[in-house]
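Have a look at the structure below before the remarks.
What follows draws every value from the coordinates through simple rules; no lab data is involved. The model shown is predicted, which means the values in this text are computed figures rather than measured ones. Don't worry about glycine lacking a Cβ; one is built from the backbone with ideal geometry, like all the others, and counts go over all protein chains shown.
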Amino acid sequence: MVIIQYKFEREKDVKVSGSGVVGVEGVEKIVQEFGEEHKLDFRLTKTAHGKTYQTPDGRLQIVVEDLFSLSPAKIGLFDVVWDRASIIAINVCDREKYAAVMMSLLEPEFRYLLVSLDYAPFPNFNGPPSSIPLSELTVLYGDKAECKLLESHGGNDFQKLLPSGIEALAERYVLMTPKKK
Ligand SMILES: C[S@@+](CC[C@H](N)C(=O)[O-])C[C@H]1O[C@@H](n2cnc3c(N)ncnc32)[C@H](O)[C@@H]1O
């Protein structure tokens, strides 16, 4: 899964009427496996935009979609985003486009937690997962968001995806909030 987002639908501007989680994944099989692993009674719906797997109460929806084709018209706007390891899964040349798509999906008062990886260059390996320094994240998102590093640690979760011998591995948790005017 590339993105897990919490969406809060509001009525009359203030009253919170419900919440749910929307995920996006490009590979349908991964969505089906996720459903089986977590014993979810997924229902498949087909819309003009594509396929969505959702629980009977509709509170968890996973959209099968190329994340570069997402737009507010397709999946709406989000208050809270948990973006784990997607910026390191895409091609390095697509990062700017990715950041622009993600920022276009945010409500004005957003909280966006981005999990990324940073490691020293390694011969003949450019990912995925690729490495992204904190300074590049700040450039990508900095014109619209305040970027605050919450935590940085050894990246054990991603070690199995990397060649052995990679040095200075850091898994980074960056919280983004609206840019102060
Ligand atoms: C490194 S995994 C991260 C998975 C999950 N977020 C996690 O933290 O374990 C990257 C995932 O992104 C998906 N992915 C890569 N490019 C995509 C794209 N353009 N659109 C949608 N999904 C994509 C892959 O299929 C893969 O499941």
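Points to keep in mind about this one:
- Relative contact order of the chain: 19 percent, from C-alpha pairs under 8 Å at least 6 residues apart in sequence.
- The simple spin-label model puts a point 7 Å past each Cα toward its Cβ; for THR47 and LYS181 those points are separated by 3.1 nm.
- Couplings for segment 153-159, taken from phi via the Karplus curve 6.51 cos²θ - 1.76 cosθ + 1.60 with θ = phi - 60°, read 8, x, x, 4, 4, 9, 4 Hz in order; Gly and Pro are left as x.
- Flagged links, alpha-carbon separation over 19 Å, of LYS148/LYS180; LYS148/LYS179; LYS74/LYS180; LYS46/LYS74: LYS74/LYS180
- Ordering THR177, THR47, THR55 by the number of other Cβ atoms within 10 Å of each residue's own Cβ, fewest first, gives THR47, THR177, THR55.
- Charge sum, other residues only, whose C-beta stays under 15 Å from TYR53's C-beta, Lys/Arg counted +1 and Asp/Glu -1: -2
- Folded to 0 to 90 degrees: helix 28-37 orientation relative to the chain principal axis, Cα: 80 degrees
- Annotation: average projected area of segment 57-181 is 8.9 square nanometres, based on the convex hull of Cα atoms across all directions.
- Note, ³J(HN,Hα) from phi for segment 41-46, Karplus 6.51, -1.76, 1.60, rounded to Hz, x at Gly and Pro: 8, 5, 10, 9, 10, 10
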